[in-house]
1. Just need the relative contact order of chain A here, percent rounded to a whole number, with Cα pairs under 8 Å and 6+ apart.
2. Compactness ratio of the protein assembly as shown: Cα Rg over 2.2 N^0.38 Å, N = residue count?
3. So what is the relative contact order of the stretch B:1-104, in percent, for Cα pairs below 8 Å that sit 6 or more residues apart?
4. Mind running the shape call on the stretch B:27-83? Use the C-alpha gyration tensor, a ≥ b ≥ c as the square roots of the eigenvalues: rounded below 1.5 for a/c, prolate if a/b tops b/c, oblate otherwise.
5. Among the lysines, which have Cα under 29 Å from the Cα of B:LYS67 when same-chain residues fewer than 8 positions away are ignored?
6. Once phi is turned into ³J(HN,Hα) by the Karplus curve 6.51 cos²θ - 1.76 cosθ + 1.60 with θ = phi - 60°, what whole-Hz value does each residue of the stretch B:71-77 show in order, with x for glycine and proline?
7. How well do other chains shield peptide A:93-100, expressed as the mean number of their Cβ atoms within 10 Å of each residue Cβ?
8. Taking a cut-off of 16 Å, what percent of all Cα-Cα pairs in the stretch A:4-109 are separated by more than that?
Amino acid sequence: DAGITQSPRHKVTETGTPVTLRCHQTENHRYMYWYRQDPGHGLRLIHYSYGVKDTDKGEVSDGYSVSRSKTEDFLLTLESATSSQTSVYFCAISSGPEFFGPGTRLTVL
Amino acid sequence: EDKVVQSPLSLVVHEGDTVTLNCSYEVTNFRSLLWYKQEKKAPTFLFMLTSSGIEKKSGRLSSILDKKELSSILNITATQTGDSAIYLCAATGAAGNKLTFGGGTRVLVKP
């Protein structure tokens, strides 16, 4: 939907390993976002980007980094995954309202 | 810090009932309020409201914004089991088009 894909869709990894999630859009939108969704916390913004190489932190950015080297791709990296980062991760693009990708379910054992 | 609060947390209704969901916000330099529906996957966009007092409608769903009261309501009339979902409210404020989300209202419609 809305030309957004996320990969992988599911991932299981071990504590301490690096993990990179990819968000790809075909809509040429300037703004892209990474959220995590956890029971009891709703959707929380991790990082966002307002253009190539332009990124900023959201409310829960600790332990995460992002990169945007091309308009269409926004990468989220967990340098050293922890069990508290087990979550569902959504990428979104903004064209007025935000439209969400299908999500990535990440489990950190 | 920007904040969005939704109520009730959850509700159970029967098919045909009308439900009203509430959303209140405290957002610096408020710009717009959005409603999303989330079933077992990604949130899907329902409405974006920027002007106070103007109702937006889509079928059995409608929403209105009250900027004086810093709030919005989402109404669902003649509910169906397919309306069962989590309904999310979010607000945008100052920079970056960032959305601040409420915790959601879980609606269960029983046949």
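1. Values: 287 pairs, mean separation 39.7, N = 109.
For chain A, the relative contact order is 36 percent.
2. On the way: Rg = 17.5 Å, N = 220, 2.2 N^0.38 = 17.1 Å.
Compared with the compact-globule rule of thumb, the protein assembly as shown sits at 1.03.
3. Details: 232 pairs, mean separation 37.1, N = 104.
Contact order relative to length: 36 percent.
4. Working: a/c = 2.67, a/b = 1.54, b/c = 1.73.
Since a/c reaches 1.5 but b/c is at least a/b, the shape of the stretch B:27-83 is classed as oblate.
5. Once the sequence-local lysines are set aside, what remains near B:LYS67 is A:LYS57, B:LYS3, B:LYS37, B:LYS56, B:LYS57, B:LYS98.
6. 8, 8, 10, 10, 10, 10, 9
7. Values: counts 0, 5, 1, 7, 12, 10, 5, 7.
Across the residues of A:93-100, the mean count of other-chain Cβ atoms within 10 Å is 6.
8. On the way: 2908 of 5565 pairs.
In whole percent, the long-distance tail amounts to 52.
All of the numbers you see were taken from the coordinates with simple rules; none came from a lab. Given the structure is predicted, the values throughout are model-derived calculations rather than measurements. Quick reminder, even Gly has a Cβ in these numbers, built from the backbone with ideal geometry, and neighbours come from all protein chains shown.
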